[in-house]
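Asker: Please read through the structure below; I'll follow up with questions.
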Amino acid sequence: NSVKRDSVKVPCHGKILFYSYFEDVAEHDWFIDFNAFFSYGKLDKIELENVDKTPVQVRLAQRSFWEHEAEERKKKFSYKLKKCLTNIPGYKFILRKLGKWAHSLGDKIYTISIRWS
């Protein structure tokens, strides 16, 4: 079975920036930006905006740094405590309720302070 969908024609007039990213395993990562120009809803032309070539070593160094940071974060007591608390049934529900209550209380305090001033 095929699904028929209604389409709406949008008369776009101007340009849209779009981009792509490619990883070349051996040497570089490529970031490519294009501009697509539309004239009354029809594609007029596409132009290359920018090309950035970055050595793969930069990406690998960033990934290594982020992995090291994640490992260090997992060693902290606060991380372990949060991990244990989130496994308790109803924990997230209670946090949401407390958050709404605190927000409501803050609104009331703000309203009272405005009236007194």
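The values are calculated or read from the model by the stated rules, or taken from the named source; none is laboratory data. From a predicted model like this one, the values you see are computed outputs, not experimental measurements. Don't worry about glycine lacking a Cβ; one is built from the backbone with ideal geometry, like all the others, and counts go over all protein chains shown. The area values use the complete protein model at the heavy-atom level, side chains included, leaving out ligands, DNA and RNA. Shrake-Rupley method; radii C 1.70, N 1.55, O 1.52, S 1.80 Å.
Asker: When you look at residue 40, is it in contact with a helix residue (DSSP H, G or I) (Cβ under 6 Å, 6 or more places away or on another chain) and aromatic (Phe, Trp, Tyr), yes or no? Reasoning before the result, please.
Answerer: On the way: in contact with a helix residue (DSSP H, G or I) (Cβ under 6 Å, 6 or more places away or on another chain): no; aromatic (Phe, Trp, Tyr): yes.
No.
Asker: Quick check, is residue 78 among the small types (Gly, Ala, Ser) and at pLDDT 95 or above? Please lay out each step first, then the result.
Answerer: Values: among the small types (Gly, Ala, Ser): yes; at pLDDT 95 or above: no.
In short, no.
Asker: Next up: Select, from 45, 75, the only residue that is open to solvent by 80 Å² or more (accessible area, probe 1.4 Å), of a type outside the set (Phe, Trp, Tyr) and farther than 30 Å from residue 14 by Cβ.
Answerer: Among 45, 75, only 75 is open to solvent by 80 Å² or more (accessible area, probe 1.4 Å), of a type outside the set (Phe, Trp, Tyr) and farther than 30 Å from residue 14 by Cβ.
Asker: Taking the condition of being open to solvent by 100 Å² or more (accessible area, probe 1.4 Å) and either modelled with pLDDT of 90 or more or over 25 Å from residue 55 (Cβ atoms) (or both), how many residues in the stretch 11-35 meet it?
Answerer: 5
Asker: Further question: Filter the stretch 56-72 down to the residues that are closer than 25 Å to residue 24 by Cβ and either in contact with a His (Cβ under 6 Å, 6 or more places away or on another chain) or among the hydrophobic types (A, V, I, L, M, F, W, C) (or both), then identify the one that is surrounded by the most Cβ atoms within 10 Å (Cβ to Cβ).
Answerer: Out of the qualifying residues, it is 56.
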